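S.K.: Let me begin by handing over the structure; questions about it come next.
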Amino acid sequence: MCRIKSIVISLWILACATKSLESAKILAVFPFTGPSQYICVQSYLRTLASRGHEITSVSAFPQKTPLKNFRDITLQIEQSHHDESVINAIGEMSESKLDQMKMVKDYILLTSLVILKNEEFQKLLHSNEQFDLIIIEVFCQDSLYALGHHFKAPMIGVSTFGTDVVIDQLVDNISPVAYVPAPSGKNLDRMNFWQRLDNLVAYTIELMYNHLVIIPEQQRYYEKYFPNATVRLADVRRNFSLLLLNQHYSFSWPRPLVPSAIEVAGMHIDHKPSKIPDDMEAFISASTRGAIYFSMGSNVKSAFLPKHTLQEIMNAFASLPVNVLWKFEKPDLAGKPKNVYINKWFPQPDILAHPKVKLFITHGGMHSLIEAVHHGKPIVGMPVFYDQDLNVQKAVSKGFGIALNFRNFTSTELRDAILKVLNNPTYTERAREISAIFHDRPMKPLEAAIYWTEYVLRHKGAPQMRVAARHLNFLQRHSVDTIAVLFGIPLLLIIFITRGAYKLIVKFFTCKEPAHKKRKHD
């Protein structure tokens, strides 16, 4: 009854909110080449189109069948370049923090240029077409944030992996370093002194690298591709009306968020699971003790893994008393165990929704973790790079997951981790508890994303949601000037008084005539 009431209230809110809203022209720009990033927003954009808004989507993933009110500008991505970047990342993410940042920078520059050099996109920039709203993926693509000023339209940013200290700056959110972990680190929100120090170092490196390396590169793109721009890039990047964040405190931690930063984790997941293909259904059902699903995500393909790693995985799976569905991108896998079903693609949310699927072995990508939480499934995590390590640590700390070292594990360790989760009901129970918290919201995440998007449209950019920090410089935002005055004046007074007292003491002792000289005069 409560769930039905919640659905009715949500629908009523959306219906009331859009009574006076006319259809809008929306430009949606998603430069990342990984399909999981676009999957995160696909339902969101399609829903906006179904509500009468005209969508122009710039991405590498056009709609397979034409949709009403939906126009695609397709980016031509060289898949081999993307795969090469991922393979390099697998190796470089075990190196230093600066090596990791360099890999991210190279990838960002590639995706920025893919859009800026696109012929159809350039025609759009130089046309007379107008838009009411810009929706853009935010991940250090600062030159593209000029689209809001270029089209004189408010901007909404979508972060498909949540927020960090750099993304927070776009809406002047705060990231208290003492208890908000850097996504690329390994610390949770409750840190001891050394962990807080490590977190501070991670934050500092990310900020400095972004402002000293990434932003200067984006500045050059901004000047080249937006030559008539009259606004500084520093102001352009702080001109967001709203951020939609693919995160939720139920499986991470509570943290400060300004009104214009909205958590919408799970907005890409359909409420009702679809029927899975018959052959997959038969394979799952044939396993009397349940089945396991294994995927390294859309970017890190299992086919990329070294031969010895593949062999350790197959040895572990062969020793299990359950069937395993494995997302493997090649049609054949030499030595594949009989209890393993491989396919280059699985309907992951529908697989995880299956009651007989008992465990998810994952790389720990944000979307995979959200889907595991949504469906209440425990995980065995093997993180590869960037935020995946921290994502898996979240699952471990919440009690619904076990972590393995992706670069150094044996078949025995993998088998033992799997059996530990399967044989200990605590992991599943905890996964279901977290899932219940995740679902307990006044509005479903997609409904919330639509509501706040149309809120920005209704209120012409919703300036009432923006904090005043966007009008302050660095010293003012961090109260350096006022703190300097507050502590500076007393310090000057102390110095002045001390100096005066010193002069008086010196004068007293130098002016006093010695006793032997006084007797001589007598």
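S.K.: Which of the peptides 198-211, 474-487 is most tightly packed, and how do the rest follow, judged by the mean count of other Cβ atoms within 10 Å per residue? Intermediate values should be presented prior to the final figure.
M.R.: Values: 198-211: 17.3, 474-487: 11.6.
Going by the mean number of other Cβ atoms within 10 Å, highest first, we get 198-211, 474-487.
S.K.: Let me ask something additional. If you add up the charges near Pro31, with Lys and Arg at +1 and Asp and Glu at -1, over every other residue whose beta carbon is less than 13 angstrom from its beta carbon, what do you get?
M.R.: So the surrounding residues net to -1.
S.K.: Another question, if that's okay. List, in order, the whole-Hz ³J(HN,Hα) value for each residue of the range 255-261 obtained from phi through the Karplus relation with A = 6.51, B = -1.76, C = 1.60 and θ = phi - 60°; use x for Gly and Pro.
M.R.: Those phi angles translate into 7, x, 9, 6, x, 8, 10 Hz.
S.K.: Could you list which residues have their amide H under 5 Å from that of Phe70, counting only those 5 or more apart in sequence or on another chain, with H placed in the peptide plane?
M.R.: Ile55
S.K.: Also, I was wondering about something else. With a sphere of radius 10 Å drawn around the Cβ of Asn323, what net charge do the other residues whose Cβ falls strictly inside it have (Lys, Arg +1; Asp, Glu -1)? Kindly include the intermediate steps, with their values, before the conclusion.
M.R.: Values: positive: Arg289, Lys338, Lys356; negative: none.
Summing Lys/Arg as +1 and Asp/Glu as -1 gives +3.
S.K.: Around Asp72, with a cut-off of 11 angstrom between Cβ atoms, what is the net charge of the other residues, counting Lys and Arg +1 and Asp and Glu -1? Don't skip to the answer; put the middle values down first.
M.R.: Working: positive: Lys64, Arg71; negative: Glu120.
Value of the local net charge: +1.
S.K.: A follow-up question, please. Test of understanding: express the Cα radius of gyration of the range 278-439 as a ratio to 2.2 N^0.38 Å, with N the residue count. Don't jump to the answer; show the numbers that get you there.
M.R.: Numbers: Rg = 14.3 Å, N = 162, 2.2 N^0.38 = 15.2 Å.
Ratio of Rg to 2.2 N^0.38 Å for the range 278-439: 0.94.
S.K.: With +1 on the Cβ of every Lys and Arg and -1 on the Cβ of every Asp and Glu, and nothing else charged, how large is the dipole of the range 278-439 about its Cα centre, in debye rounded to the nearest 20?
M.R.: Details: 18 positive and 14 negative charges, 48 e Å.
Result for the range 278-439 is approximately 240 debye, rounded to the nearest 20.
S.K.: Okay, moving on. Apply the Karplus curve 6.51 cos²θ - 1.76 cosθ + 1.60, θ = phi - 60°, to the phi angles in the range 44-60 and return the couplings in whole Hz, x for Gly and Pro.
M.R.: 4, 5, 5, 5, 4, 5, 5, 8, x, 7, 8, 9, 10, 9, 9, 6, 8
S.K.: Return the tail of the calculated pair distribution for the range 154-258, meaning the percent of Cα-Cα pairs more than 16 Å apart. Intermediate results must be reported in sequence, preceding the final value.
M.R.: Details: 3463 of 5460 pairs.
The calculated P(r) of the range 154-258 puts 63 percent of pairs beyond 16 Å.
S.K.: So, one more: For the chain, just the Cα atoms, rotate onto the principal axes and tell me the three extents in Å, largest first.
M.R.: Principal extents (Cα only, largest first): 123, 61, 51 Å.
S.K.: Still on this structure, I have one more. Based on the mean of other Cβ atoms within 10 Å per residue, sort peptides 381-389, 228-236, 214-222 so the most packed one is first.
M.R.: Working: 381-389: 22.8, 228-236: 12.8, 214-222: 17.4.
Peptide ranking by packing, descending: 381-389, 214-222, 228-236.
S.K.: What are the semi-axes of the equivalent ellipsoid of the range 440-495, taken as the square roots of 5 times the eigenvalues of the Cα gyration tensor, listed largest first and rounded to whole Å?
M.R.: On the way: eigenvalues 384, 40, 9 Å².
With the √(5λ) rule applied to the range 440-495, the semi-axes are 44, 14, 7 Å.
S.K.: Relative to the longest principal axis of the chain, what angle (0 to 90°, nearest 10) does the C-alpha long axis of helix 97-116 take?
M.R.: Once rounded, one gets 70 degrees.
Each value in this text was obtained by applying a stated rule to the coordinates, not by laboratory testing. As the structure is a prediction and not an experimental result, all values here were calculated from the model. Quick reminder, even Gly has a Cβ in these numbers, built from the backbone with ideal geometry, and neighbours come from all protein chains shown.
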